[in-house]
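One structure is given here, and the rest of the page talks about it.
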């Protein structure tokens with residue numbers, strides 16, 4: 001005769017065995033995606049679509065449990081296919097930045113998006129703002145005093161406005177007496193102007209006829225991180 005206590009013990013034993021033999025979820029056992037590039041691409045697309053803003057490669061690599069170099073290579077290859085697919089003409093595109101990437105709409109569909117969503121067109125940048133951005137992009141990192149010297153006028157308001165719009169940002173201080181603030185362009189600057197890097201900006205000619213290339217390096221300056 002089977003007692004009720006024995007029956008309960010048998011049921012508990014069976015439940016324990018089922019639990020022990022159940023497959024582990026991804027959170028319990030990290031999935032190796034290093035050899036599953038198609039799934040990585042789908043994950044990247046999903047994350048970027050859900051985010052709606054630039055996502056750092058380091059965050060994507062961590063989420064997929066793969067190395068950062070591999071993540072960057074997958075994103076780069078995927079962006080090339082994503083943006084130039086002959087079979088699918090998309091209204092969105094992948095934009096790559098030095099440390100992050102983003103899915104955004106193509107510029108030619110902006111009017112339709114504003115109309116459908118009731119978005120009012122934003123104001124244009126003033127000439128002074130564009131001048132500040134040009135000085136920073138081609139000489140960064142730079143101090144406000146350098147910007148003033150190049151423009152020949154006080155640039156306090158324009159610099160503050162560009163920082164507020166997140167088109168430039170403080171990146172440290174020049175290691176000289178007074179330690180003036182240094183500024184550089186941001187990923188938002190690249191996104192607004194449809195660039196992957198400031199190196200894509202055209203060369204300009206200085207007053208002495210020498211070509212000037214956009215600057216991404218701070219090696220020529222002695223700078224300290226902002227406290």
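The values are calculated or read from the model by the stated rules, or taken from the named source; none is laboratory data. Note that this is a predicted model, so its numbers are computed, not measured. FYI the Cβ positions are ideal-geometry reconstructions off the backbone, even for glycines, and counts take in every protein chain you see.
Being loosely packed, with under 10 Cβ neighbours inside 10 Å and either at pLDDT 95 or above or within 30 Å of residue 188 (Cβ to Cβ) (or both) is the requirement here; does residue 44 meet it?
Working: loosely packed, with under 10 Cβ neighbours inside 10 Å: no; either at pLDDT 95 or above or within 30 Å of residue 188 (Cβ to Cβ) (or both): yes.
Against the criterion (loosely packed, with under 10 Cβ neighbours inside 10 Å and either at pLDDT 95 or above or within 30 Å of residue 188 (Cβ to Cβ) (or both)), residue 44 does not qualify.
Would you please name the residue that is farthest from residue 94 (Cα to Cα), looking only at residues in region 196-212 that are at pLDDT below 80 and assigned to a loop (DSSP other than H, G, I, E, B)?
208
So, in region 154-180, how many residues would count as being modelled with pLDDT of 90 or more, out of contact with any strand residue (DSSP E or B) (no Cβ under 9 Å at 6 or more places or on another chain) and over 18 Å from residue 138 (Cβ atoms)?
8
Per-residue answers, yes or no, for (1) touching a helix residue (DSSP H, G or I) at 6+ places or on another chain (Cβ under 6 Å); (2) farther than 23 Å from residue 113 by Cα; (3) modelled with pLDDT of 95 or more; (4) not assigned by TED's automatic domain parsing to the domain that holds residue 191:
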| residue | (1), (2), (3), (4) |
| --- | --- |
| 60 | yes, yes, yes, yes |
| 65 | no, yes, no, yes |
| 71 | yes, yes, yes, yes |
| 81 | no, yes, no, yes |
| 84 | no, no, no, yes |
| 87 | no, yes, no, yes |
| 91 | yes, no, no, yes |
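What residue, among those in region 24-41 that are in a loop (DSSP other than H, G, I, E, B) and surrounded by 10 or more Cβ atoms within 10 Å (Cβ to Cβ), is modelled with the lowest pLDDT?
Of the residues in region 24-41, the ones in a loop (DSSP other than H, G, I, E, B) are 24-36.
Those left that are additionally surrounded by 10 or more Cβ atoms within 10 Å (Cβ to Cβ): 30-34, 36.
Working: 30: 64, 31: 76, 32: 80, 33: 88, 34: 85, 36: 93.
Looking at the filtered set, the residue picked out is 30.
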